[in-house]
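The structure appears right after this line, and notes come after that.
The values are calculated or read from the model by the stated rules, or taken from the named source; none is laboratory data. None of the values given here were measured: they were computed from a predicted structure. Here the Cβ is made from the backbone with ideal geometry for all residues, glycine too, and neighbour counts use every protein chain on show. These area figures cover heavy atoms from the full protein model, side chains too; ligands, DNA and RNA do not enter into them. Shrake-Rupley method; radii C 1.70, N 1.55, O 1.52, S 1.80 Å.
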Amino acid sequence: MRHVAVIVETSTQYGRNLIRGIARFGRLHDWQIHFEYRGKTAAEPDWLADFKGDGVITTSPDQKHSRALRKLGMPVLDLQGTLIDPAGEHLLVDSDHRAVGRLAAEHFIEKGHRHFAFLGYSDHNVSREREIGFTEALAARGHQPLSHHTPERKARTFESMNRGDEAFIASLPKPCALFCCWDEVAFRAVQSAIERGIAVPEDLAVLGVDNDPVFSSTSRIPLSSIDPDIVRMGFLTASWLAELMEGKPLKQVKLERLVPPKGLVIRQSTALDAIEDPVVRRFLELLRQQKPGMLSIEELSRDCHVSRRLLEQRVKSATGKTPRQLLSQTLVDGIQRFLSQTDYTLAHIAELLGFEHAERLSHLFRRQTGTTPGEYRKSTGI
């Protein structure tokens, strides 16, 4: 059995996924993992000074103990460190951040967007690399994104970040596709947009990185996000350490170094195709924000300041569906969401969605889906 100390922060999805990947490798190779809950800026724990194990993986900014262990001959893998190779100096093992940016650009282009923006940090390498990948992929298609960077760390405050984000978001054309360097930034962007009366995703599609369940589920509009496959990065990191523990010099290890993103997780913040027609964007926003069971096409057309006939023409032209079809789909989506995520009674769901009677809800659901609400809920395990 190998004993390996893992000094990785547990406060973010990145750190937790990194540990998951290391642990996955460890289970396959009979490792005992030694770690503790810790923050991003915490120094290495004092118990590491007396660690009698076989190797260390660390991301700590203060590496006093691991440096001492390295001098004693213990293999230590510093994920903040670099390795010189023919292409230059690179982090030893890292996510392919430029590939993440390229994937964001491809997603927005597939959604039909023509206006693009990036929100990130000027003094963070991860943010810069993702922006480069995003910008280069868009440039290859003839597009140039707008960009905004929060103040450098020494001048950064919560207020300055929010003021800068809000002013930038308010200046963007509509509709616009906004790529954020990670989910925390995307969360702030959605909040700023809503406070400014900018509809997400109708006016502003927002995409983050890390697929962090805390930010994606807490956001008023569930966040789409790129999964950079940090679990795979953790597994690969453990593979590198295993080679070092077998006595192989670092520069002779020929394992993969950059981990490509796993893929996109599409949620509401980028779910819609880009729609240039402001009337149609307003129509879709009203469907999302109001109780759909109380809506009629006549009322919706009045709220969009057009006649019913013109609304039908423009919605059909932009989406390929009639307003009635979209309203019915919104109703079904809402019913399914409550049936699958709650144990609410049909009467309570009907009230929440604006139906006068639960029987009307049940009839519409069965007509549209071919199944009863009870059958659908049973299939979801609620």
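A few notes on this one:
- Only one of S328, S317, S296 that is in contact (Cβ under 8 Å) with a residue 12 or more places away in the chain and within 27 Å of A358 (Cα to Cα): S328
- Scanning segment 315-329 for residues that are part of a helix (DSSP H, G or I) and open to solvent by 40 Å² or more (accessible area, probe 1.4 Å) gives K316, S317, A318, T319, R324, Q325, Q329.
- Any chance L353 is aliphatic (A, V, I, L, M), within 29 Å of V279 (Cβ to Cβ), open to solvent by less than 60 Å² (accessible area, probe 1.4 Å) and in contact (Cβ under 8 Å) with a residue 24 or more places away in the chain: yes
- If the condition is being under 26 Å from A170 (Cβ atoms), hydrophobic (A, V, I, L, M, F, W, C) and part of a helix (DSSP H, G or I), then segment 98-125 contributes A104, A105, F108, I109.
- Answer from H143, H148 - the residue that is open to solvent by less than 60 Å² (accessible area, probe 1.4 Å), under 24 Å from D273 (Cβ atoms) and modelled with pLDDT of 90 or more: H143
- Scanning segment 26-45 for residues that are touching a residue at least 60 places away in the same chain (Cβ under 8 Å) and crowded, with 20+ Cβ neighbours inside 10 Å returns G26, W31.
- Among the residues of segment 176-197, just one is farther than 14 Å from L223 by Cα and modelled with pLDDT of 95 or more, namely C176.
- In the set A242, A186, A177, A193, only one residue is within 23 Å of N125 (Cα to Cα) and assigned to a helix (DSSP H, G or I); that residue is A186.
- Residues in segment 361-382 that are in contact (Cβ under 8 Å) with a residue 40 or more places away in the chain and open to solvent by 30 Å² or more (accessible area, probe 1.4 Å): Q368, Y376, T380, I382.
- Number of the exception - K321 against (1) more than 16 Å from P373 (Cβ to Cβ); (2) over 32 Å from the mean Cα position of the chain (by Cα): (2)
- Condition met for D303 (within 34 Å of the chain's Cα centre (by Cα), free of Cβ contacts under 8 Å to residues at least 40 places away in the same chain and more than 30 Å from L79 (Cα to Cα)): yes
- Which numbered condition I275 fails, given (1) assigned to a loop (DSSP other than H, G, I, E, B); (2) touching a strand residue (DSSP E or B) at 6+ places or on another chain (Cβ under 8 Å): (2)
- Where K254 falls short, out of the listed (1) closer than 30 Å to L326 by Cβ; (2) open to solvent by 30 Å² or more (accessible area, probe 1.4 Å): (1)
- Picking from residues in segment 298-311 that are assigned to a helix (DSSP H, G or I) and farther than 18 Å from E202 by Cα, the one that is most open to solvent (accessible area, probe 1.4 Å) is R309.
- Looking at S171, S239, S224, just one residue is of a type in the set (S, T, Y) and within 9 Å of the chain's Cα centre (by Cα), and that residue is S224.
- Among the candidates I349, I297, I275, I335, residue that is over 30 Å from D183 (Cα atoms), within 31 Å of the chain's Cα centre (by Cα) and not small (G, A, S): I349
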